[in-house]
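Asker: Here it is: the structure, laid out below.
Any read-out appearing in this document is the output of simple, stated calculations on the displayed coordinates, not a laboratory observation. Just so it is clear, the structure is predicted and the values come from calculations on it, not from any experiment. Here the Cβ positions follow ideal geometry from the backbone for every residue, glycine too, while neighbour counts run over all protein chains shown.
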Amino acid sequence: MSAGSRPGGEPPADPRPPVGRWQVGPAEGGTRLDAFLARVLGISRANARRTLSSGAVTWRGRRADLSAKGAPLQEGDAVEVAEVVDPARAHPVADPAAPLAVLAEGEGWLAVDKPAGTPVHPLSPDERGTLLNALAARQPGIVGVGEGGLRSGVVHRLDVETSGVMLFATAEGPWQRLREAFRRHQVEKVYWALARGRLEGQSDLELQLAVTQHRPARVRVVSPDDAQPGRGRPTRLAWRSLAVGDDASLIEGRPATGFLHQIRASLAHLGHPLYGDRAYGGPEHPLAPRHLLHARMLRWREVEATCEPPEDFARARDALIG
């Protein structure tokens with residue numbers, strides 16, 4: 001019998017996960033997209049997310065990306081997979097030319113200054129110019145930490161256009177502890193936002209938010225009555241006004257929970273969207289080519305980092321508030 005055959009002359013089993021098209025059944029309604037992919041493809045949840053990142057998944061007739069990983073499926077949804085990413089090919093390219101400014105570091109972790117417009121990690125194996133590409137060149141041991149692959153060492157997220165403190169883990173133990181701290185909402189996070197209108201005082205804002213669109217991502221406030229099962233999530237945001245101008249306010253936000261676009265959607269719900277935030281009705285302004293949100297500080301136990309706002313944020317603040 002040859003090495004390439006089975007008893008009875010059957011061809012060897014294909015070691016690659018299957019690709020194709022699946023329809024969500026009644027018992028699978030409400031299942032997360034990444035969990036569904038992991039089950040039907042017979043791969044890990046992390047590899048399902050890598051496959052989403054690669055752009056190989058189509059859901060409801062549109063290409064899905066990593067932002068859709070936690071989206072709840074509905075009965076009848078069509079999910080197609082063109083290719084399953086091989087984890088061996090999913091490592092970020094080390095890019096020593098990509099800039100990197102380290103704010104603070106300790107055993108197994110470091111915090112960097114994320115410029116507005118710079119992605120946290122690549123979405124495809126050949127992408128360069130992200131923070132993770134820069135880190136892979138300077139801290140090669142980060143590759144494989146945590147979820148591994150194109151999300152190696154990533155413990156939280158910031159929108160591409162948001163600037164400020166971004167935390168990575170460079171070893172597995174610290175990654176596990178930091179991820180658990182974020183999951184339990186133990187990490188103290190402070191953001192600065194430049195919002196439209198005069199918003200004074202302070203408040204603890206509790207809203208239920210739901211992701212209503214995935215490409216591009218959109219979030220809206222929902223009530224418990226109109227939220228679909230599994231979609232709405234309670235969020236809490238403590239905010240206070242730091243300075244007020246004629247038609248602008250500098251707001252400090254401290255989210256007690258973590259949710260996609262939480263600060264942006266919450267302030268827009270109050271009638272004070274961020275300058276430059278076209279997704280949530282923010283005003284256009286020559287000094288706001290992007291939504292003006294800055295991750296000012298992050299702290300948990302021995303982990304602490306603070307980041308001054310970048311030049312574009314400071315210019316807009318000085319011009320609109322003085």
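Asker: Sort segment 64-125 into rounded, prolate or oblate with this rule: let a ≥ b ≥ c be the square roots of the eigenvalues of the Cα gyration tensor; rounded if a/c is under 1.5, and if a/c is not under 1.5, prolate when a/b is larger than b/c, oblate otherwise.
Answerer: The shape class here is prolate.
Asker: Please give me, ordered by residue number, the GluC sites (Glu not before Pro) of segment 285-322 that lie in loop per DSSP and have at most 10 other Cβ atoms within 10 Å.
Answerer: E302
Asker: To continue, here is another question. Would you calculate a helix-derived [θ] at 222 nm for the chain, using -39,500 (n - 2.57) for each DSSP H run of n ≥ 4 and dividing by the full residue count, to the nearest 500?
Answerer: -5000 deg cm²/dmol
Asker: Kindly provide the GluC sites (Glu not before Pro) of segment 147-223 that DSSP labels as loop, not H, G, I, E or B, and whose Cβ sees at most 11 other Cβ atoms within 10 Å.
Answerer: Loop-located and lightly packed - E200.
Asker: Starting from the Cα gyration tensor of segment 257-318, take the square roots of the eigenvalues, sort them a ≥ b ≥ c, and report rounded, prolate or oblate (rounded when a/c is under 1.5, otherwise prolate if a/b is larger than b/c, else oblate).
Answerer: In terms of gyration-tensor shape, oblate.
Asker: For a quick check: sort F182, F168, F313 by the number of other beta carbons within 10 angstrom, fewest at the front.
Answerer: F182, F313, F168
Asker: What's the local net charge at V24, with K and R +1, D and E -1, over the other residues with C-beta under 9 Å away?
Answerer: Overall, the nearby charge balance is -3.
Asker: As a test of understanding, state the convex hull volume per residue of the chain from its alpha carbons, in Å³.
Answerer: In the chain, the Cα hull volume divided by residue count equals 156 Å³.
Asker: Please turn the phi angles of segment 276-285 into ³J(HN,Hα) values with the Karplus equation 6.51 cos²θ - 1.76 cosθ + 1.60 (θ = phi - 60°), one per residue in order, whole Hz, x for glycine and proline.
Answerer: x, 8, 5, 5, 10, x, x, x, 7, 7
Asker: Amide H to amide H under 5 Å from T235: which residues, 5+ apart in sequence or cross-chain, H placed 1.01 Å off N in plane?
Answerer: Result for T235 returns L207, Q208, L209.
Asker: Which loop-located GluC sites (Glu not before Pro) does segment 14-81 contain, where loop means any DSSP state but H, G, I, E or B and the Cβ has at most 16 other Cβ atoms within 10 Å?
Answerer: Loop-located and lightly packed - E75.
Asker: I want to check the label-to-label distance for R183 and A217. Put each point 7 Å from Cα in the C-beta direction and report it in nm to one decimal.
Answerer: Reported label-point gap for R183 and A217 is 1.9 nm.
Asker: For a quick check, take a GNM of the chain with Cα springs below 10 Å and name the residue from D65, D204, D113 with the largest mean-square fluctuation.
Answerer: Top of the fluctuation ranking is D204.
Asker: For segment 145-266, taking Cα atoms only, what is the radius of gyration to one decimal and the Dmax to the nearest whole Å?
Answerer: That works out to 16.2, 49 Å for Rg and Dmax.
Asker: Between A243 and H269, what is the FRET efficiency for a Förster distance of 22 Å, r being their Cβ-Cβ separation, to the nearest 0.05?
Answerer: 0.55
Asker: Also: Please arrange R317, R60, R21 by counting, for each residue, the other beta carbons lying within 10 Å of its beta carbon, fewest first.
Answerer: Neighbour counts put them in this order, fewest first: R21, R60, R317.
Asker: At a Förster radius of 41 Å, what calculated FRET efficiency corresponds to the Cβ-Cβ distance of Q202 and A171, to the nearest 0.05?
Answerer: 0.60
Asker: Just need the relative contact order of the chain here, percent rounded to a whole number, with Cα pairs under 8 Å and 6+ apart.
Answerer: After rounding, I find 14 percent.
Asker: Shape verdict for segment 91-183, please, from the Cα gyration tensor: rounded (a/c under 1.5), prolate (a/b greater than b/c) or oblate.
Answerer: Rounded, because the longest to shortest axis ratio a/c is under 1.5.
Asker: If you don't mind, another one. What FRET efficiency do you get for T306 and Q23 if R0 is 45 Å and r is their Cβ-Cβ distance, rounded to the nearest 0.05?
Answerer: 0.35
Asker: By the scheme Lys and Arg +1, Asp and Glu -1, what is the net charge of all other residues having a beta-carbon under 12 Å from that of E107?
Answerer: Residues close to E107 contribute a combined charge of 0.
Asker: Moving on. Give the dimensionless ratio obtained when the Cα radius of gyration of segment 188-320 is divided by 2.2 N^0.38 Å.
Answerer: Output field value: 1.05.
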